[in-house]
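Reading through the structure tokens given below for one structure.
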């Protein structure tokens, strides 16, 4: 029996998610990498002389994590694929995991959103630390970008 190639029109076409989703995921990735470094690469974290080398090591790990998650978010946002759901799931996961883990960090014993000497008048808003609003904003944007990519009339282009 001879193998017959399916007609080209029957083969799945690789395409990229809608531009609106790609731009949101890209902006989130850039913000994640740049924002984490702006927040931590200073006297409140990496250059705090009271921090032990091992504590600084873990902050460095977190900063590197932000760079790799940002790169993966941007890569999957612009990657051509025939499997739209998997692509959106991957990019959404990479875009969201940093913010989810940051929000959960407060659950560990002895943690605080800010060291007392660095608390300012804008550190807390309505009883929540400022970074909680940033986390919520980034997670909402992730949801919007995913919805734009998966809604029934989404325009994936080849």
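Specify the residue with the greatest mean-square fluctuation among 105, 145, 70, computed from a Gaussian network of the chain linking alpha-carbon atoms under 10 Å apart.
105
Please give the peptides 116-123, 76-83 ranked by average Cβ packing (other Cβ atoms within 10 Å per residue), highest first, as a rough proxy for protection.
76-83, 116-123
Restricted to Cα positions, what overall size does the chain have along the principal axes? Three whole-Å values, descending.
Result, largest extent first: 75, 34, 24 Å.
Would you mind getting me the FRET efficiency between residue 52 and residue 101? Use the beta-carbon distance for r and R0 = 30 Å, nearest 0.05.
Approximately 0.90, to the nearest 0.05.
Give me the one-decimal nm value for the distance between modelled label points at residue 130 and residue 153, 7 Å along each residue's Cα-to-Cβ direction.
For residue 130 paired with residue 153, the spin-label model returns 4.1 nm.
Test of understanding: in a Gaussian network model of the chain with alpha carbons linked when under 10 Å, which of 146, 55, 95 would top the mean-square fluctuation ranking?
55
Mind giving me the nanometre distance, one decimal, between the label points for residue 117 and residue 61, set 7 Å out from Cα along Cα→Cβ?
Once both label points are built, they end up 2.6 nm from each other.
State, to one decimal in nm, how far the label point of residue 68 lies from the label point of residue 108, with both points 7 Å from Cα in the Cβ direction.
Label at residue 68, label at residue 108, 1.7 nm between them.
Each value in this text was obtained by applying a stated rule to the coordinates, not by laboratory testing. The model shown is predicted, which means the values in this text are computed figures rather than measured ones. Cβ sites come from the backbone with ideal geometry, for glycine too, and all protein chains shown count toward neighbours.
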